[in-house]
Amino acid sequence: MTLIGKKFSNEKKNIIRHDIGFILGKNGWIFLVGTAVFMVLIPFFTAGLPGDSIFDIEVTHDQLKFRLINENIFTAVMAVSVIMGLMTGSCIFRFVQDKKETTIFFSMGMTRTQIFINRMSVAFSMLAVMTAVPMLLSVILNVSALGMYQALIRNALFLWAGLFLMASVSCVVSVIMCFISGSLMELMVYWICGMSAPTVLCLGFNMLMKKLYWGNAWGVTTYSGAEQIRESLLEKFSFLNPILFFKNDLASHSQFMRPLSTDVPEDVSWIVIAGWFAALIIMTAAAWWLLRCWKAENSGITGNNRLMAEMTAAFTGFIVFSFVFSYLFDSSVWLSVAAGLAAFAATHMFWKKAGIFGSVKKRSQFISALLQASVIAVICVVFSTGFFGGTERFIKKSEVAQVKVNYTGDPSCLYEEATGSSTGHGYYVVSHLKLEDIESINKTKDLHMMFQQSGRKPMKGSDNPEEVVIPYDISFSYIEEDGTECTWYYDRASYGQLESMLEIENLSEVKSGQKGLFEASDSGSVKVLTKQAYDVGTIYITDPYLSETYELTLGEDMRRQLLKAIGEDISQMTLDERYFPEESTEAVLMFSQTGEDDSKYFAYHLDNTFLYLTSRYKNTLKWLEENELLQYVKGEQKIESITLQRMNPYIGINIPDYPMGMYFMSYFADSSDDFMIQKDFGNKYVIDDPDKIQEVTAGLRNGYYMSRGGYLAAVKLDGQDGYRYMFLPEIYVPDFVRK
Amino acid sequence: MIEAECITKNFGDFTVLSDVSLKVKKGEIYGLIGYNGVGKTTLLKILSGIYRADSGTARINGRSVYENPQMKQKCFFMTEEAAFFHQFSLNKMRKFYSGYYPKWSDETFKGLVEWFGVDPVMKISRFSKGMQRQASLILAFSTRPEYLFLDEAFDGLDYSMRRQICEMFRYYVETEEASMLVSSHNLKELEDLADHIGMLCDGKLAFDGSTKYMRENYQACEFIYKEDMSGLLSVRHELLEIKKCVNEEYRKNRYYCIINGSEEEACRSLSQVGAENIQIRPIQLEEFFLKERKERDADWKEIFK
């Protein structure tokens, strides 16, 4: 190297050193602020909070092995990472939005590439250190409080890598936006647009799918909120989201509470980190290329980037449309379309006023808005046609290993785990049966096709009970050999459809499962509450009017005999005999794990089961007779009055917004106003004429599937307080009641 | 040498510069003039490597300036508006610039600060417009550039200061063999300072020549003409190679015009058409500027009614 060359090289190094020093001097406050905030969020929140510090946290069996980040502030940590990235990138590169500063820096002896390298180096270094130092301190505190543990260092490195990447991605996005915007406002708008684009798309698509795509399961939870049918699109594609890609890993690897089964922390997967690192490199290269192409004369001028302006208007217009459309859809489809389009147009006009469209003519903007609206329309069409009949095609052609389908029948014969809720007069249970036989799979497909082809019917009543549509959770899942699962969900069903779902109980697989409820099994494997109730629950017997209740104390042998008889009866009965009995109940059996509380009111509870023994329960009745137990429930009861209310969920002011169990199970209540559906005034019909009472009594049932319509009946016994609630099926309603 | 060759620059659909070519030699001061918005600043920024021309080349000593750090270290561009960092003092700006310009001279800086009498510790944002211009000049010359681009060099400076600064410019250019390209609306100072004048008009370089050439080939004439005006107007194009007969002020019989030609040619031409009492002098830069820039008629009574 010549002396001159060496001089130039030293000069260049000096200039670079000076430039980096200047950048640090001007922006070092960001580093200080960021480090301070991360210090609070990471080491302080994990070790400094009284009562929640790793130094004094109380856990059993010495379970907590390390906690690098407090689980209560995951969201804050991610938010700060993203915000620090934004601040770093925008502060370091915002000079391009100031004409004077642009002139200063571009007139000096540095290429744009050198300017970019110097500034990005400072930015990445600051972000790396401000996330690393707090993490290192957290490691030291963990070792001090809990001792060294395997994977502590690995997890700390992993978490640091993730947080650093989040911040860096946000930083590079803000740098890119500095080059394509002309003011701080524009920069912020475009940064928000860029960072939230995946979120906006997922949320918008999901909102529209929930309303338009009949069968959509994405992002749906059951009415009770206890079960998420499928993750939302936002959760599904979080690994592609610059704001959320590290969320699950942060939650999984921030701490280790040793379970009984293993003392090895879960392995970390570097795939997402590697993917985003590659994306970061590409984005950084793109930012460099943008700076190289960037025209200094555009400094400080807003509305210069038509593409970004259109994307901003498109994304915001789309999410606004989706929100308004979804909000109003249930009220009126046409109103929702009109309001959605109006909101979309207003969004475009807002951005025009805000200036991001610069000198783009109104006509040109109108045409592009029209094109965007057309795209939204196409999306809506795709969803509303079920991806052009994709669901039907799947149902017809798919070959799967297993299906899961909702059980809508008698909860006392449910042999899988369930969730649900109940009040004194009603209940709702959700459970899924897993079926593998070809017969079962085909039947499930038939039922699914029935739901799919019926379309989204409005929730309303009808004179024809089969056509009454109520809220209900119905889902169909198809599981392939490799475990891949596809699920469809329907948030409503007609009475007719719910009755069709009972046909599942004719499948041999289901019958076998139900029979298993009444057979002996290893106690350790019993997780189903219904089975527990049969196996160990207190047994009560009572008359059909729930008035004389007795507790049965049976030995294990006797209990098994009784259950065996019940199992045989149920397996031999048809669906009609079980759900639409022509005969009255002769006795009621209750198996209860909460008998002390529920034996008076006979209210359904997940821990209880009820059996309404008609004459079809031959074996059971025979066993009870042989063991002299039936005599206790044979007494005649005199009825003082019967109050009737039509079983119609839509008869009152309040439209039902929550599902209810369709299999009526009789119960006791203190008042005559405890019907399972609360109604307006004047809809109850009281019968106190003895002859009429007798006529009605003949049709009353303790257990009945309400899909064919009927009346709810509150029976007052002569000389007794309280009311016995039973069901009067439509086919047994006397003429004088109909009139 | 600073060299612009066929430079064209567009801002969107608007063409600011069209096929502009000029040269500034070593030890020369080039004055760039033109009406507001004609593209002076744009040309300066292209020549100093801040902007990229859409076509054509901007070279210094035969090498492109754009993205050429070695060349840029020898250049300094002084903006029309004072360009300083927010809340910075002159001392802080010194620290800033000294790191980027290898030939920075603290002695020059101190000397100029003392001579201009500005406070190096006070924030520049608190300076008056003229003092900010002085601060800009201090920083510009402290970098000891070989090529200076000064946009509105005299803006905000009082008459006395302008004259002294012209002396400084002249001294620096001659002793350092620097090249200077100066734009200004102070045509009087520029006329005395510049060796060469370039006038931009409608995106093109309407005039590019030395001040000496300008004085030798353009004459400002005053004369008395009593004949019919049509006679003067009709003959001037037949007998004389008067390119344009402009800026005529009709004040009784006294006329004023600018003639493209030497003093003798001008005198002869006017005499031939019957002009009397002819007075001829070399054109001034202001007159030359007005010659190219047509003033717009305005009905002030209507505007301010």
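Using the alpha-carbon centroid of each, what span in Å lies between segment B:197-214 and segment A:566-580? Each part's Cα centre sits 108 Å from the other's.
In segment A:625-673, what GluC sites (Glu not before Pro) fall in a loop by DSSP, with at most 12 other Cβ atoms inside 10 Å? Please report the intermediate quantities before stating the final value.
On the way: sites: A:625, A:626, A:628, A:636, A:640; in loops: A:628, A:636.
Answer in residue order: A:628, A:636.
3J(HN,Hα) along segment A:224-241, derived from phi through the Karplus expression 6.51 cos²θ - 1.76 cosθ + 1.60 where θ = phi - 60°, amounts to 6, x, 7, 10, 9, 5, 9, 5, 6, 4, 4, 6, 4, 9, 4, 5, 9, 9 Hz, with x in place of Gly and Pro. Taking amide H positions as modeled 1.01 Å from N, with prolines and chain starts lacking one, the residues under 5 Å from residue A:664 and 5 or more places away or on another chain are A:704, A:705, A:706. For segment A:630-635, putting each phi into the Karplus relation 6.51 cos²θ - 1.76 cosθ + 1.60 with θ = phi - 60° gives couplings of 6, 4, 5, 10, 9, x Hz, in residue order, rounded to whole numbers and with x for Gly and Pro. Look at the stretch A:98-106: the mean tally of other chain Cβ atoms within 10 Å of its residues' Cβ atoms is 6.
Please compute, for peptide B:91-100, the average count of beta-carbon atoms on other protein chains lying within 10 Å of each residue's beta-carbon.
Details: counts 0, 1, 1, 0, 4, 7, 3, 1, 9, 11.
For this peptide, the per-residue mean of nearby foreign Cβ atoms is 4.
Rolling a 1.4 Å probe over the protein heavy atoms of chain A, with every protein chain left in place, gives an accessible area that is 58 percent carbon and sulfur. Ranked by the mean number of other Cβ atoms within 10 Å of their residues, highest first, the peptides A:544-551, A:157-164 come out as A:157-164, A:544-551. Counting only lysines at least 8 places from residue A:65 when in the same chain, those with an alpha carbon closer than 24 Å to its own are A:247. Computed on the protein assembly as shown, the Cα convex hull volume stands at 276 Å³ per residue. For chain A, the longest principal axis of the C-alpha atoms and the axis of helix A:184-212 are separated by about 20°.
Show me the ranking of peptides A:136-147, A:447-458 by mean Cβ neighbours inside 10 Å, starting with the highest.
Values: A:136-147: 17.7, A:447-458: 15.7.
Going by the mean number of other Cβ atoms within 10 Å, highest first, we get A:136-147, A:447-458.
Would you list which lysines come within 21 Å of residue A:692, measuring only between C-alpha atoms, while excluding same-chain residues fewer than 8 positions from it? List returned: A:638, A:684, A:716, A:739.
Given R₀ = 25 Å, FRET efficiency for residue A:684-residue A:464 by Cβ-Cβ distance, to 0.05? Write out the running numbers ahead of the final one.
Details: r = 23 Å, r/R0 = 0.93.
About 0.60, to the nearest 0.05.
Between the listed residues A:64, A:291, A:265, the Cα displaced farthest toward the positive end of the dipole of the protein assembly as shown, a dipole computed from Cβ unit charges relative to the Cα centre, is found at A:291. The charge dipole of chain B, taken about the Cα centre with unit charges on the Cβ atoms of Lys, Arg (+1) and Asp, Glu (-1), comes to about 1020 debye, rounded to the nearest 20. Starting from the Kirkwood Rh over alpha-carbon pairs, what translational D in µm² s⁻¹ does chain B have by Stokes-Einstein at 20 °C and 1.002 mPa s? For the chosen part, D equals 100 µm²/s.
For residue A:700, no residue whose modelled amide H falls within less than 5 Å of its own remains once neighbours fewer than 5 places apart on the same chain are excluded. Taking label points 7 Å from Cα along the Cα-to-Cβ direction, residue A:224 and residue A:148 give a separation of 4.9 nm. To make sure I understand the rule: partners must be lysines, Cα under 17 Å from the Cα of residue A:622, and not fewer than 8 residues away in the same chain. Which ones qualify? Within the straight-line limit of under 17 Å, residue A:622 reaches these lysines: A:564, A:634. Summing both sides, the accessible surface hidden between A and B at a 1.4 Å probe radius is close to 2500 Å².
Here the gap between residue A:485 and residue A:438, fully extended at 0.36 nm per residue and compared with their Cα-Cα distance, gives a gain of 15.2 nm. Evaluating 6.51 cos²θ - 1.76 cosθ + 1.60 at θ = phi - 60° for every residue in segment A:21-33, the Karplus couplings come out as x, 5, 4, 5, x, 6, 10, x, 4, 5, 4, 5, 4 Hz, glycine and proline recorded as x. For chain A, the per residue solvent-accessible surface stands at 44 Å², with DNA, RNA and ligands left out and a 1.4 Å probe.
Report the charge-dipole magnitude of chain A in Debye, nearest 20, computed about the Cα centre from +1 at each Lys and Arg Cβ and -1 at each Asp and Glu Cβ. Walk me through the intermediate numbers first.
Details: 63 positive and 79 negative charges, 1283 e Å.
Its charge dipole is roughly 6160 debye.
Working note: 222 nm ellipticity from helices only, DSSP H runs with n ≥ 4, each -39,500 (n - 2.57), summed and divided by the residues of chain A, gives -16000 deg cm²/dmol to the nearest 500. Farthest toward the positive end of the dipole of the protein assembly as shown, out of B:55, A:368, A:451, is the Cα of B:55, where the dipole comes from beta carbon charges about the Cα centre.
Assuming a viscosity of 1.306 mPa s and a temperature of 10 °C, what translational diffusion coefficient in µm² per second does Stokes-Einstein assign to segment A:434-541, Rh being the Kirkwood radius over Cα pairs? Present the calculation step by step, with values, prior to reporting the outcome.
On the way: Rh = 16.4 Å.
For these conditions, the coefficient is 97 µm²/s.
Ranking A:418, B:131, A:214 by how far each Cα lies toward the positive end of the dipole of the protein assembly as shown (charges on Cβ) leaves B:131 at the top. Peptide B:77-89 has a mean of 3 when you count, residue by residue, the C-beta atoms of other protein chains within 10 Å of its C-beta.
The charge dipole of segment B:144-216, taken about its Cα centre with unit charges on the Cβ atoms of Lys, Arg (+1), Asp and Glu (-1) only, comes to about 140 debye.
The values are calculated or read from the model by the stated rules, or taken from the named source; none is laboratory data. What you are looking at is a predicted structure, and each value in this text was computed from that prediction instead of being measured. All Cβ positions, even for glycine, are placed from backbone atoms using ideal geometry, and neighbour counts span all protein chains on display. Quick note on the areas: whole protein, heavy atoms, side chains included, nothing else; ligands and nucleic acids left out. Shrake-Rupley method; radii C 1.70, N 1.55, O 1.52, S 1.80 Å.
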